[in-house]
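No value in this document is a laboratory result; all are computed from the given coordinates. Since the structure is predicted, the reported quantities are computational estimates derived from the model, not experimental observations. Counting neighbours? That spans all protein chains shown, and the Cβs are built from the backbone with ideal geometry, glycine included.
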Amino acid sequence: MPYRQTKEVLDQARKFHQRLGKFYDDLKDNASVEHTRALLDYMSRHETYLDQCLQEFKDQVSVNVLDTFMQYGSDASSQVHIDRFVIKPEMSVDDVVAAAMHFDACLIQFYREMATKSSNAKVREVFENLLVMEQHEQIELSKQTLELSSLEAQNKI
């Protein structure tokens, strides 16, 4: 199993958010349902925000922690399945939410795995904090999308 520095693993998480933000932005351009476009716009901006938060978090972590090597297997990097997920223009808000929840679950699994594999207590703490943050973000996404789903349902009546 290869070893990577903590900063490289954090950079991979940032790339995940950047790629996911672009994915949502590209889908927004093809979405035909207004509420779905609004949700995709929100999610794209939210991924940009999470990328920025991760960079700020990385800027605040000590150099010793960032330079710490950790075991990093290919199973952790397989969490990105964006290309396999197909969202069609006529998809509902619920369909997009299901995709977003899937991606959030992948990131939560990634952070949990990194925390578990960390032998350094400070590195483990970094990934545990990111895990908690991502779990919170998943809850916030659920709240935001519940509101959009109810709006979409009202428009169908």
So what is the relative contact order of the range 3-152, in percent, for Cα pairs below 8 Å that sit 6 or more residues apart?
28 percent
What ranking of I139, I108 emerges when the number of other C-beta atoms within 10 Å of each C-beta is taken as an exposure proxy, fewest first?
I139, I108
Among Q138, C53, F69 the positive-end extreme of the charge dipole of the range 3-152 (Cβ point charges)
F69
Magnitude of the charge dipole, the range 3-152, Cβ model with Lys/Arg +1 and Asp/Glu -1, debye to 20
540 debye
Let's see if you can work this out: charge +1 on each Lys and Arg Cβ, -1 on each Asp and Glu Cβ, no other charges. What is the dipole magnitude of the range 23-73 about its Cα centre, in debye to the nearest 20?
100 debye
Among the listed pairs K15/K58; K28/K143; K122/K143; K58/K117, give every one whose C-alpha distance is greater than 22 Å.
K122/K143
Length gained when the stretch S150-A98 is fully extended (0.36 nm per residue, less Cα-Cα span):
17.2 nm
Gyration tensor (alpha-carbon) shape descriptor, the range 3-152, a/c threshold 1.5:
prolate
